[in-house]
Amino acid sequence: MKLYELTIKKAHLLLKKKEISSQELTRAVLDRIDAVEEHVGAYITVDSEMALAQAKIADKEISRGNISPLTGIPLALKDLICTKGLRTTCASRILENFVPPYDATVVKKLKKQAAVIVGKSNMDEFAMGSSNEHSGIKLTHNPWDQTRIPGGSSGGSAAATAADMCIGSLGSDTGGSIRQPASHCGVVGMKPTYGRVSRFGLVAFASSLDQIGPLTKDVTDCAILMNVISGYDSSDSTSVPEDVPDYTLSLNDGLKGMVVGIPNEYSAAEGLDRDVSDAVKKAVKKIQEMGAGCVEVSLPHTEHAVAAYYVIAPSEASSNLARYDGVKYGYRDKNKKSLMEMYKSTRSRGFGPEVQRRIIIGTYSLSAGYYDAYYGKASQVRTLIIEDFKKAFKSCDVILSPVAPTPAFKIGEKVDDPLTMYLSDIFTLSANLAGIPGISVPCGFSSKGLPIGLQIMAKHFEEEKLFKVAYNFEQATDFHKKKPNLDKPEPNKV
Amino acid sequence: MKITKEEVLHVANLARLDVDKVLIDKFAAQIGTILEYVDTLNRVDTKEVTPTSHAIFLTNAFRDDDERQSFDSDSVLSNAPEKEDGNFIVPKVINS
């Protein structure tokens, strides 16, 4: 096995036994990035020098007997997680040269364990998108088929993880931005409960929906990363002071006694691809065979989730993105003489079209005369969506569903049709509106060989149940062991 | 048309955006389609439903009012596009 193919757990064991060094492992990952980056395009910034310096520190710690689960492990971070001294762009021209003066809380936690940060991964600008095509910096290709999107907005993290260009990664999820690219790239991705992981140092998109989470090669690695990044942080006023269990302990239990719920509304969803539907049905059957009970549940407001989300998220975004004014940081159009002209020109040149569309929709929804009809109404529908989940979880432990209605679509297919793109978030964004956790775990391949993910959702702070179901399912299948073939990349058909 | 070109320009101005003249028709059409879709929310009966702005039941988060280390001015200014003597530079705001 090549070193870059290792999981976090396996790499940790080899580092602990001193069979490999972090510098060897980091070098292998950097070489892998050099070899395949031109075909995948997963990274905005790779800092080999810094990564190797961190690896050297990790090796020193290990030689002293100080080893934690992430010590010396090369990781990728989505480029909206602030890293002190390392450029953080949000894939936006407006932050193209932004170098944060501080680390996000999650980064501090990784550094405390002497993890290695190999680079910052590509994304849709300010995390607004489901395909990475809205990146203002570059295009990321799906490692399984380079003519297709990797998903978004954490598409760079998902593609880097799938293509072994890192050992594991972090992304952020506002409406499916971890789970959907994880599904499209055949890796595991978790959106934790809102408030579980500190958002301090995560560049804000929609503050009541955003949550940082892991994208990893398997479920065990996801639990290992969650153990490190979870927990209360006084710097984030929405962080929840709840104890964090050891998630790896929930990986061994069987599924007997558990009840899984299947939402009626999801199988009837418009545009659900046959291959996706079949793969999810087979996964449900498998989970039942392993001893879980199965009930039908109803989430009657599902059909309104997309509309509610695309009012709430842009509203919050329009407010959050007001801070990019060309004064404190980021790009500024220096040719403008008046303050107002400077603001307008800076923001119009700095933000890409999707970000501008959402700022306009959000500003419109919040403006006098429209507030009640849009933001107010959407916030009420959000309550109904939360009630739906509460009722459903009375009869089941977890809910199973597809992650995305189709496998990864073609680059360019939906980019000019924002509404169609938005509708592809139908299965994931309800979890953000309700603040509940969700995980995507590989559950099959389409007839074209594209990965398909199974989504598992649970009540607030019941990540352990997600890990339990995901792990048992993963161990009974081998979808997570398959890897995209990048050794002989296809000619670029785009 | 759900939203006119003029309305888009008005809202863009409120949001301090200068929408590209070439893009405005496309923008107005796309935003119109999205807003029309959002109008499907009117089919939902929300009488007496309390709106949710935050999905986790946390109320106010307080911390002790202790003195803490904050950023020095060099770090705060480190990303400023224009700065001078420890200050951010902005275009002239008040006309003499």
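The values are calculated or read from the model by the stated rules, or taken from the named source; none is laboratory data. Remember, it's a predicted structure, so these values are computed and weren't measured experimentally. Reconstructed Cβ throughout: ideal geometry from the backbone, glycine too, with neighbour counts over all protein chains shown.
Any residue at all in the stretch A:470-487 that is assigned to a strand (DSSP E or B) and either in the same structural domain as A:G176 (by TED's automatic domain parsing) or more than 19 Å from the chain's Cα centre (by Cα) (or both)? No, the stretch A:470-487 has no match at all.
Within the stretch A:428-445, residues that are more than 8 Å from every other protein chain (Cβ to nearest Cβ) and touching a residue at least 40 places away in the same chain (Cβ under 8 Å) reach partners that are of a type in the set (D, E) and crowded, with 24+ Cβ neighbours inside 10 Å with beta carbons closer than 6 Å, at six or more positions or on different chains, in the pairs A:P437/A:E463.
Is the stretch A:323-339 home to any residue that is within 22 Å of the chain's Cα centre (by Cα), more than 30 Å from A:N227 (Cβ to Cβ) and assigned to a helix (DSSP H, G or I)? No. None of B:S75, B:S53 is small (G, A, S), within 21 Å of A:A322 (Cα to Cα) and facing chain A (nearest Cβ under 7 Å) except B:S53. In summary, A:T248 fulfils each of the numbered conditions (1) touching a residue at least 24 places away in the same chain (Cβ under 8 Å); (2) surrounded by fewer than 20 Cβ atoms within 10 Å (Cβ to Cβ); (3) in a loop (DSSP other than H, G, I, E, B); (4) away from chain B (no Cβ under 14 Å) with the single exception of condition (3).
The sole residue among A:Y266, A:Y309 that is at pLDDT below 95 and buried (at least 16 other Cβ atoms within 10 Å of the Cβ) is A:Y266.
Contact map, the stretch A:368-383: first residue at the interface with chain B (Cβ under 9 Å from one of its Cβ atoms), second residue of a type in the set (A, V, I, L, M, F, W, C) and assigned to a loop (DSSP other than H, G, I, E, B), Cβ cut-off under 6 Å, separation 6 or more or different chains; pairs are A:Q380/B:V49; A:V381/B:V44; A:T383/B:V49.
Looking only at residues of the stretch A:385-410 that are out of contact with any helix residue (DSSP H, G or I) (no Cβ under 8 Å at 6 or more places or on another chain) and not in a loop (DSSP other than H, G, I, E, B), we find that the one that is nearest to the other protein chains (Cβ to nearest Cβ) is A:E387.
The single condition from (1) more than 7 Å from every other protein chain (Cβ to nearest Cβ); (2) of a type in the set (S, T, N, Q); (3) surrounded by fewer than 21 Cβ atoms within 10 Å (Cβ to Cβ) that A:S338 fails is (1). Residues that are over 15 Å from A:Y232 (Cβ atoms) and either in contact with a Gly (Cβ under 9 Å, 6 or more places away or on another chain) or exposed (fewer than 10 other Cβ atoms within 10 Å of the Cβ) (or both) within the stretch B:61-73 comprise B:D65, B:D66, B:E67, B:R68, B:Q69, B:S70, B:S73, listed in sequence order.
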